[in-house]
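Taking it in order: structure first as structure tokens, then the write-up.
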Amino acid sequence: MNLSISGLSKTYPNGVAALRNVSLTISSGIFGLLGPNGAGKSTLMRILATLQAPDSGTVHLGELDLLEQKYEVRRQLGYLPQEFGLYPRISAESMLNHLAVLKGIRNTKNRREVVQAVLHKTNLFLDRKKNLGGFSGGMKQRFGIAQALLANPQLLIIDEPTAGLDPTERNRFHNLLSELAEETIVILSTHIVDDVKELCCDMAILLNGEILLQAPPLAAINAFAGKVYQKSIGKSEMPLYRQQYRVISEKLFLGQPVIHVLSDTHPRNGFRECTVDLEDVYFAQVIEQNMSRAERKYHAV
Ligand code: ADP
């Protein structure tokens, strides 16, 4: 099954254009929607979760018109928002049981089976009697997935899930998502490049409401092969390098700034070619878009 998004736009009443003519085709596996804060990720996720209407555009999940057939779509949809409240004094199992009733699983035996299955899937079975208030960040995220799985969804939408998780919890969460993606379309929105690199078979970069690129991460990396160079420089030299090169990132290594620059030819001058990382692709796209926006503004003046 495919999720086809075409020409989606959304401007909030305060004039912020959160999505501008977004088109994407997403098939099974984990799809990464990568972008900085404010890019429009949550707006897109909420529209896909049928919780918000766009101003224009269409979305189809298989044969279903997602914007028109909301109730049919909701039966096939699991959504984990960026922030969700949990009742602290109720156990995971009781809460899931309650949510399963709300989702319409009326038969007690069926409900018990579904709840047990999602507890096992999310590795929360042993903690099922614990109150949600005592859950760690990672357990809360897995509980969020458990509730999203109650409806046995075809489409799972997960908004910024790993922010704040420690490395062990993050790994465990990644493993869970890749297991789920064997049967489901999973859309993961994140500002963490490594999440996409580790998990996603396809991705898009969203910035200022625009899709800058849609490609499998490896293809995006290969497109930049031989074009990224790095150099360790002195702290005071940064402004000079920014003027002379297309600097896409500056990081500290052992306290010393290391810059990555984009260049079609070898820049010499002490630079060396480096193995391209998804982060280079991401920064290059972001910088190119910011530059072309600045140019457009300049020409408009
Ligand atoms: P992200 O999830 O990538 O951080 P959002 O979709 O939350 O991006 O926000 C995109 C832009 O829309 C931001 O500039 C944000 O301030 C703005 N925005 C989001 N929600 C609203 C709203 N309800 N009203 C007005 N502006 C909003």
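For this structure, a couple of remarks:
- Any hit, the stretch 266-274, residues being open to solvent by less than 60 Å² (accessible area, probe 1.4 Å) and touching a residue at least 40 places away in the same chain (Cβ under 8 Å): yes
- When ASP277 is tested against (1) in contact with a Pro (Cβ under 8 Å, 6 or more places away or on another chain); (2) touching a residue at least 12 places away in the same chain (Cβ under 8 Å), just one condition goes unmet, and that condition is (1).
- Meets criteria (away from the ligand (no atom under 16 Å from the Cβ), farther than 28 Å from ASN131 by Cβ and crowded, with 21+ Cβ neighbours inside 10 Å) for LEU61: yes
- Of the residues in the stretch 224-233, at least one is of a type in the set (Ser, Thr, Tyr), open to solvent by less than 50 Å² (accessible area, probe 1.4 Å) and in contact (Cβ under 8 Å) with a residue 12 or more places away in the chain.
- The residues of the stretch 74-113 that are within 16 Å of the ligand (Cβ to nearest atom) and surrounded by 16 or more Cβ atoms within 10 Å (Cβ to Cβ), listed by number, are TYR79, LEU80, PRO81.
- Unmet requirement for LEU24, which otherwise passes all of (1) surrounded by 14 or more Cβ atoms within 10 Å (Cβ to Cβ); (2) under 19 Å from the mean Cα position of the chain (by Cα); (3) not in a strand (DSSP E or B): (3)
- Qualifying residue in the stretch 208-215 (condition: open to solvent by 50 Å² or more (accessible area, probe 1.4 Å), in a strand (DSSP E or B), under 19 Å from ASP280 (Cβ atoms) and in contact (Cβ under 8 Å) with a residue 12 or more places away in the chain): yes
- Among the residues of the stretch 95-144, the one identified as part of a helix (DSSP H, G or I) and touching a strand residue (DSSP E or B) at 6+ places or on another chain (Cβ under 6 Å) is GLY144.
- Any hit, the stretch 244-261, residues being on the phi > 0 side of the Ramachandran plot and modelled with pLDDT under 95: yes
- Of ALA18, ALA49, all but one fail to be in contact (Cβ under 8 Å) with a residue 12 or more places away in the chain, near the ligand (Cβ under 7 Å from one of its atoms), of a type outside the set (S, T, N, Q) and out of contact with any Leu (no Cβ under 6 Å at 6 or more places or on another chain); the exception is ALA18.
- Residues of the stretch 185-199 satisfying the condition of being outside any helix (DSSP H, G or I) and open to solvent by 10 Å² or more (accessible area, probe 1.4 Å): HIS191, ILE192
- Residue that is most open to solvent (accessible area, probe 1.4 Å) [pool: residues in the stretch 10-21 that are farther than 27 Å from CYS201 by Cβ and small (Gly, Ala, Ser)]: GLY15
- PRO36 meets each of the listed conditions (1) under 13 Å from the mean Cα position of the chain (by Cα); (2) surrounded by 15 or more Cβ atoms within 10 Å (Cβ to Cβ) apart from (2).
The values are calculated or read from the model by the stated rules, or taken from the named source; none is laboratory data. Since we're looking at a predicted model, the values are computed, not measured. Note that we place each Cβ from the backbone using ideal geometry, even for glycine, and neighbour counts take in every protein chain shown. SASA here: full protein model, heavy atoms, side chains in, ligands and nucleic acids out. Shrake-Rupley method; radii C 1.70, N 1.55, O 1.52, S 1.80 Å.
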